[in-house]
Amino acid sequence: MRRAGLGDGAPTENYVPSGYSVYEEENDKLTDSLKAKVNALKTLSIDIGTEVKFQNTFLGQMDTDFESTGGLLGATMGRLKRLSRGSQTKLFCYLMLFVLFVVFVLYWIIR
């Protein structure tokens, strides 16, 4: 007994006998491509995390250095204020002239 539309069992023009396997192969290729992209993103995110940890450590060290420098400058400014309040204005003027001279010499050497 024959079924309608199937003919005598021979493949027709529109029938692709391995159509399912073609889709499977395409899905496998796409899956492999997706796995490669996910692995690349994973590696990139791990590298970014490592870099962020390094930068945070570096910023913490810079913060400590700036705090110590700020304390040193604050103490120096306190001494200069104390020196300027005293009767040693002549010494203060000499000190300022010396500082300006050193800055000028450094500028001249660097330029």
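The values are calculated or read from the model by the stated rules, or taken from the named source; none is laboratory data. Since the structure is predicted, the reported quantities are computational estimates derived from the model, not experimental observations. Here Cβ is always computed from backbone atoms with ideal geometry, including for glycine, and neighbour counts include all displayed protein chains.
Of the set (1) surrounded by 10 or more Cβ atoms within 10 Å (Cβ to Cβ); (2) modelled with pLDDT under 95, all apply to Tyr107 but (1).
Selection of first residues in region 92-111 that are under 18 Å from Met77 (Cβ atoms) and of second residues that are not hydroxyl-bearing (Ser, Thr, Tyr), restricted to Cβ pairs under 9 Å at least 6 apart or on distinct chains, gives the following pairs, ordered by first then second residue: Phe92/Leu80; Phe92/Leu83; Phe92/Gly86; Leu95/Leu80; Leu95/Leu83.
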